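**Q** Could you have a look at this structure, given as structure tokens, before my questions?
What follows is calculated from the coordinates using simple rules that are stated; it is not laboratory data. Small disclaimer: the values here were computed from a predicted structure and weren't measured. Neighbour counts are summed over all protein chains in view; Cβ atoms, including those assigned to glycine, are modelled from backbone coordinates with ideal geometry.
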């Protein structure tokens, strides 16, 4: 018995499978959902994709994604421009903004140093960060890259470039999550939690 195959549907499934975190079953569900859309729904989806692709670019200051010259954070005069929080990905900015505790600025690297994946310092937005520090007015750079081998290496690399400029470089504290149990925490997490302890 041959495999039932409709070429346009297969191509659509293949395109969805190329998206991060989407396996074959999820790609099929998305494809069938798209097939069930009205013509207006299809037009709205394709227009949104095209518009996002055409209009979104890097903020000229922090390299976050924006559809204007500057992102909303860099446009906001009330933000503390003397502190820059360095993150790997635009999604990290969204996560930190949800806390409503951080009132400074960000810098998005768009990745981490990872030679195995062909990502060197020149592929990241590091020179833009150094330009901001060289311009003056920056007192602290918070390294908020993820606590992975690549994230740590990237933080150390950038720290070595910035410290000689007389700017304080700090590392985001990592530790036990709220609601977590000590017995299930790994050694690195526990070590970081001890190092980052605060007085009560």
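**Q** Gain in length, residue 29 to residue 7, computed as 0.36 nm per residue apart minus the alpha-carbon separation, to one decimal in nm?
**A** 6.3 nm
**Q** Also, quick follow-up: Would you please classify the overall shape of region 1-111 from the alpha carbon gyration tensor, given that a ≥ b ≥ c denote the square roots of the eigenvalues, rounded means a/c under 1.5, and beyond that prolate means a/b larger than b/c while oblate covers the rest?
**A** Verdict is prolate for region 1-111.
**Q** Starting from 0.36 nm per residue, how many nanometres of slack lie between residue 48 and residue 190 once their C-alpha separation is accounted for?
**A** Difference between extended and current length: 46.7 nm.
**Q** Starting with the fewest neighbours, write out 66, 46, 189, 145 ranked by other beta-carbon atoms found within 10 Å of each beta-carbon.
**A** 46, 189, 66, 145
**Q** Further, regarding this structure: Of the DSSP beta bridges with both residues in region 2-146, give the percent that are antiparallel, rounding to the nearest 5.
**A** Roughly 25 percent of the DSSP beta bridges within region 2-146 come out antiparallel.
**Q** Please find, in a Gaussian network model of the chain (springs between Cα atoms separated by less than 10 Å), the residue of 67, 181, 122 whose mean-square fluctuation is greatest.
**A** Residue with maximal mean-square fluctuation among 67, 181, 122: 181.
**Q** Now for a separate question. Gain in length, residue 14 to residue 40, computed as 0.36 nm per residue apart minus the alpha-carbon separation, to one decimal in nm?
**A** Using 0.36 nm per residue and subtracting the Cα-Cα distance, I get 7.0 nm.
**Q** Further question: If I model a spin label as a point 7 Å beyond the Cα along the Cα-Cβ vector, how far apart are those points for residue 139 and residue 127 in nm?
**A** According to this spin-label approximation, the distance is 3.1 nm.
**Q** Going by how many other Cβ atoms sit within 10 Å of their own, how do 12, 70 line up, fewest first?
**A** 70, 12
**Q** Another one. Return the label of the correct value of Cα extents along the principal axes in Å, as calculated from the structure shown, out of (1) 51, 38, 30; (2) 55, 37, 31; (3) 68, 47, 35.
**A** It is the one labelled (3).
**Q** Could you line up 78, 114 from fewest to most neighbouring Cβ atoms inside 10 Å?
**A** Final ranking by Cβ density, sparse to dense: 78, 114.
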